[in-house]
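The values are calculated or read from the model by the stated rules, or taken from the named source; none is laboratory data. These numbers were taken from a predicted model, which means no experiment stands behind them. Note that we place each Cβ from the backbone using ideal geometry, even for glycine, and neighbour counts take in every protein chain shown. In case anyone asks, the SASA skips ligands and DNA or RNA and just uses the protein heavy atoms, side chains included. Shrake-Rupley method; radii C 1.70, N 1.55, O 1.52, S 1.80 Å.
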Amino acid sequence: KNITKFLLDNSSHEYAINIESSLSDEIVCVKTKDVNFRVNYDSDFLGSKSKHIIKNYRYIIIDGYIQSVGEIYHALYRAAETKEPYVIFCFGLSDEVKDVIIQNNAKGLTEIMPVSLKFDENTINILNDLAVLHSTDIVSSKLGQTISQEMRKDLPIGKKIQFDRSGFILTPKVSSEKVKKHKAFLENRIKESHNDTNRNLLIDRSKRMSSKTMNIFIPDQNLK
């Protein structure tokens, strides 16, 4: 009853409600205008941390798989030289690339967080949403681009991103009006969709794009 009253007093129909498990023994409600991505990604880069926050990070969104260290060598070098944090969104990395990043981060040489997504029907359009929120384009071999060439460029800077074991939350670089416009685009596609599977995926994307979110963290023993 107290949770329901809190929600009614502090939110409205404009809010998307996310309920998640928590290691704490208290119920915590967090109201935010950030975008919450609850996705299956490689959280090994967190190390022993339960969460990690990065501000003013260089970023790149890659529609592909990072095979060799040479492809990201420039980013590794710049990250070590400038001490700027880097976030790399992609569909997987080789064990070699993963090990080098983890070792460099552990030594304090770099702060690089790859968002290594599993390529499936649930993640196939996430890169498009991330590109909208970051006001950037997606690096793709279909456009004749290579990862190594794009890594040499002066990568743009994002605002804030928080990682945890079940996903990440980011502060959009674009205005709330542009986020709402993208959400309206998704809602229009939902109305036009006649395929249940595709429609459900679009609904999930639309919910994620809500500019207002209430995250409720409930202790594991009470979550059921």
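In segment 94-186, which GluC sites (Glu not before Pro) fall in coil by DSSP and have 13 or fewer other Cβ atoms within 10 Å?
Loop-located and lightly packed - Glu121.
Kirkwood Rh, segment 114-179, all Cα pairs: how many Å?
About 13.6 Å for segment 114-179.
Amide H neighbours of Ile112 under 5 Å, counting only residues 5+ apart in sequence or on other chains, H built in-plane at 1.01 Å?
Tyr86
Give me the accessible area per residue for the chain, probe 1.4 Å, as a whole number in Å².
It amounts to 56 Å² per residue over the chain.
Taking loop as defined by DSSP and a crowding limit of 10 other beta carbons within 10 Å, which trypsin sites (Lys or Arg not before Pro) in segment 1-92 fit?
Lys1
Extending each Cα 7 Å along its Cβ direction at Ser68 and Gln103, get the distance between those two points in nm, one decimal.
1.8
Indicate the gyration tensor shape class of segment 4-115 (rounded, prolate or oblate), computed on the Cα atoms with a ≥ b ≥ c the square roots of the eigenvalues: a/c under 1.5 is rounded; otherwise a/b larger than b/c is prolate and the rest oblate.
Note, shape of segment 4-115 comes out prolate.
Percent of Cα-Cα pairs more than 22 Å apart in the chain, please.
Considering the chain, 55 percent of its Cα-Cα pairs are separated by more than 22 Å.
In percent, what relative contact order does the chain have, based on Cα pairs under 8 Å that are 6 or more apart in sequence?
Once divided by the residue count of the chain, the mean separation gives 38 percent.
Kindly state, to the nearest 0.05, the FRET efficiency for Asn40 paired with Asp9, given R0 = 41 Å and r defined as their beta-carbon distance.
0.75
Using a Förster distance of 25 angstrom, determine the FRET efficiency expected from the C-beta separation of Ser21 and Asp120, and round it to 0.05.
0.65
Please tell me the relative contact order of segment 140-224 in percent, rounded to the nearest whole number, where contacts are Cα pairs under 8 Å and at least six residues apart.
This gives 20 percent for segment 140-224.
Would you kindly state how much longer the chain becomes between Ser140 and Asn200 on full extension, computed as 0.36 nm times their sequence separation minus their alpha carbon distance, in nm to one decimal?
19.0 nm
May I ask which of Lys98/Lys181; Lys5/Lys55; Lys55/Lys181; Lys1/Lys191 have a Cα-Cα span longer than 27 Å here?
Result: Lys98/Lys181; Lys5/Lys55; Lys1/Lys191 exceed 27 Å.
Where does the chain land at 222 nm, in deg cm²/dmol rounded to the nearest 500, when only DSSP H runs of n ≥ 4 count, each adding -39500 (n - 2.57), divided by all residues?
-10500 deg cm²/dmol
Full-extension gain between Ser48 and Ser166, please, as 0.36 nm times their residue separation minus the C-alpha to C-alpha distance.
41.0 nm
Give me the Å³ per residue figure for the convex hull around the C-alpha atoms of segment 153-219.
159
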